[in-house]
Amino acid sequence: MTPDELFKNLIAHAKEYGFIFQSSEIYDGLSAVYDYGQMGAELKNNIKNYWWSAMVRLNENIVGIDSAIFMHPRIWEASGHVGAFNDPLIDNKDSKKRYRADVLLEDHLAKIEEKITKEVEKGRKKFGEAFDEKQFRETNPNVVRNAQKAAEITRRMNEALNASDLTALRQLIIDCEIVCPVSGSRNWTEVRQFNLMFSTQMGSVSEDANVIYLRPETAQGIFVNFLNVQKTGRMKIPFGIAQIGKAFRNEIVARQFIFRMREFEQMEMQFFVRPGDEMRWYEHWKDMRLRWHKSLGLGDGKYRYHNHEKLAHYANAAADIEFEFPFGFKELEGIHSRTDFDLGRHQEFSGRKQQYFDPETNESYIPYVVETSIGLDRTVLAVLSAAYHEEKLADGEERVVMRIPAVLAPVKLAVLPLVKKDGLPEKAREIMNSLKFDFNCQYDEKDSIGKRYRRQDAIGTPYCITIDHQTLEDNCVTIRDRDTMQQNRVAIDKLRGIIDEQVNLRKWLERI
RNA sequence: GCGGAAGUAGCUCAGUCGGUAGAGCAUCAGCCUUCCAAGCUGAGGGUCGCGGGUUCGAACCUCGUCUUCCGCUCCA
């Protein structure tokens, strides 16, 4: 079985047992959008709870908020998303390759710049000590011509970009005689704008409707509430604000099941620190976040760091925690040192001071931010792909078992009467009623006991208890473990304690 | 978005030459009563992804479209 086949089986399994369905399936589906079914929703909620508990409840200086998806459009100008998420794209019809139109032009400009540099170097060799670069650049005809050309291209490009004039942009590419690096042809399509942010209108369309974006990240909801939370919560630096919520990106290609979706959910924490302290906290959260992942027991070897060489415009350090999915190591969580970029920009764009008065140093400053940002859907996928096992048993039988960490398992306990007569179902219901307040339980009396065990294995239920005839006499039941398939006979009144010890948050969170 | 492949029951898949839509598993009801899926009897479930076209007749041929997978491409 190749990883590819295994992944396909996992996707089929996730659908068959109610974890994940494609969105709008009866209307042929919607590309890169998925729904969580009855099992998936439970799993996802348990992951949220596990993260929220680890971040908000266990850290006195971290609090959680829930900000709106709609935000003031200026926020996305301040954050840089309007500029950076808005790319003019052009395709070469022969090579079928797609490029960013502005990048093609910039590459072209770089080539011209290279020519100038070569010419200057030639001059330097020729004139030796007496070489006057400034004068050379002003007088050498080749250099002057190329410099003028570059300036003209730059001017036209900026003009077209600022006016969002896509026709002019294409004309410029044609005028520059830019060829596709792959096909070598100048057979270009029209330039199209591709905005990675979804937009809609707020207010009456007939009046001056405002264009509103669906947030492409949850972080900005935290930044714009920084002072609200700091003041009302009497927070002292260092402190963090956490949030779980939906974000939306109109990805060009979205693939690999729920790994890259157009509507997705993030769990983010922005940690505000004194300027200069950020690297220490960056290292701290890098370490803490990996420990959180490892505490789930999916396998320590499935995680690795990937430190970014090329940094985003807001960051002075960045790393990913990558997970070994069936399709390879891929980003699961990002830890970024975002400096004071975001708060600084909001101060600039809103005209409101975004500063903190530090009583220890008697100074006001814009705090620095260390961000931890984890993909919730990706975590669901990580759990599912690590949990999915097709096993061959000793007797030659096969079983599919989801070894979901017990703390995250959608159903904690299945209550199974050995036969559906002789008062066993009644006894089973009685036990279920006493446990359903503590655990998500499932009752099943259909088919043979072995078949019922397999059904529970398929959804990752860590424990099954079986009520037999002897139970009516001694008040003991069989408890069967999902992973080892071992069975023990225990008293009914001990059940709650035994199961709770394995599935409650404390046991798992204490490992972090 | 481009190229290639695919789409038939909840799942995995058959379906001949264009001639009334099939299997296994799953599901449900009943029987049986057994601690690791396979016993017996019966039932439900399909506008063959969707929409045109050709044809007396289309799951099958043809065009378009949607979705998925693989490869490009893109990726804060």
So, for region A:356-464, what is the accessible surface per residue at a probe of 1.4 Å, expressed in square angstrom?
40 Å²
Mind checking region A:255-358 for GluC sites (Glu not before Pro) that DSSP puts in a loop (not H, G, I, E or B) and that have at most 16 other Cβ atoms within 10 Å?
A:E309
Using only the alpha-carbon atoms, what does chain A span along each of its principal axes? Please give whole angstrom values in decreasing order.
107, 63, 60
Positive dipole terminus of chain A, leading residue within A:H308, A:N362, A:N61 (C-beta point charges):
A:H308
Tell me which residues come under 5 Å, amide H to amide H, from A:L332 once H is placed; ignore anything under 5 positions away on its chain.
A:I321, A:E322, A:F323
Under a 1.4 Å probe, counting only protein heavy atoms, A:D132 has an accessible area in Å², nearest 10, of 70 Å²
Could you tell me how many degrees, from 0 to 90 and to the nearest 10, lie between the Cα long axis of helix A:376-387 and the main elongation axis, the longest principal axis, of the Cα atoms of chain A?
50 degrees
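Can you flag which of A:K111/A:K149; A:K421/A:K451; A:K134/A:K310; A:K8/A:K310; A:K8/A:K286; A:K8/A:K412 are past 23 Å Cα-Cα?
Working: A:K111/A:K149 12 Å; A:K421/A:K451 18 Å; A:K134/A:K310 33 Å; A:K8/A:K310 34 Å; A:K8/A:K286 32 Å; A:K8/A:K412 26 Å.
Cα-Cα > 23 Å for A:K134/A:K310; A:K8/A:K310; A:K8/A:K286; A:K8/A:K412; rest within.
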Whose amide H sits under 5 Å from the amide H of A:L296, counting only residues 5 or more places off or on another chain, with H placed in the peptide plane?
none
Can you list the aspartates and glutamates whose alpha carbon sits under 17 Å from that of A:K427, skipping same-chain ones fewer than 8 residues off?
A:D444, A:E445, A:D468, A:E473, A:D474, A:D493
Eligible aspartates and glutamates near A:K392 by straight Cα distance, threshold 14 Å, same-chain separation 8 or greater:
A:D457, A:D483
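May I ask you to rank A:D468, A:D35 by accessible area, largest first, using a 1.4 Å probe over the protein chains only?
Details: A:D468 30, A:D35 70 Å².
Per-residue accessible area, sorted high to low, gives A:D35, A:D468.
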Rounded to whole Hz and in sequence order, give me ³J(HN,Hα) for region A:2-17 from the Karplus expression 6.51 cos²θ - 1.76 cosθ + 1.60, θ = phi - 60°, writing x for Gly and Pro.
7, x, 4, 5, 4, 5, 4, 4, 5, 4, 5, 5, 4, 6, 4, 9
Those trypsin sites (Lys or Arg not before Pro) in region A:423-492 that DSSP places in a loop and that have at most 10 other beta carbons within 10 Å:
A:K446
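At 0.36 nm per residue, and after removing the present C-alpha to C-alpha distance, how many nm does the segment from A:A491 to A:R192 gain when stretched out fully?
On the way: separation 299, 0.36 × 299 = 107.64 nm, distance 6.91 nm.
Length gained between A:A491 and A:R192: 100.7 nm.
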As an exercise, identify the trypsin sites (Lys or Arg not before Pro) in region A:338-420 lying in DSSP coil whose Cβ has no more than 16 other Cβ atoms within 10 Å.
A:R352, A:K353, A:K420
If unit charges are put on Cβ atoms (+1 for Lys and Arg, -1 for Asp and Glu) and the dipole of chain A is taken about its Cα centre, the option from A:M269, A:L505, A:I26 lying farthest towards the positive end turns out to be A:M269
Sorting A:I465, A:I11 on solvent-accessible surface, 1.4 Å probe, most exposed first, gives A:I11, A:I465
Magnitude of the charge dipole, chain A, Cβ model with Lys/Arg +1 and Asp/Glu -1, debye to 20:
320 debye
Whole-percent carbon and sulfur contribution to the accessible surface of chain A (1.4 Å, no ligands, DNA or RNA) stands at 47 percent
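The values are calculated or read from the model by the stated rules, or taken from the named source; none is laboratory data. Predicted model, so just to flag it, every value in this text is computed and none were measured. With ideal geometry, Cβ positions are generated from the backbone for all residues, glycine too; neighbour counts draw on all protein chains shown. Side chains are part of the model used for accessible areas, which takes the heavy atoms of the whole protein and leaves out ligands, DNA and RNA. Shrake-Rupley method; radii C 1.70, N 1.55, O 1.52, S 1.80 Å.
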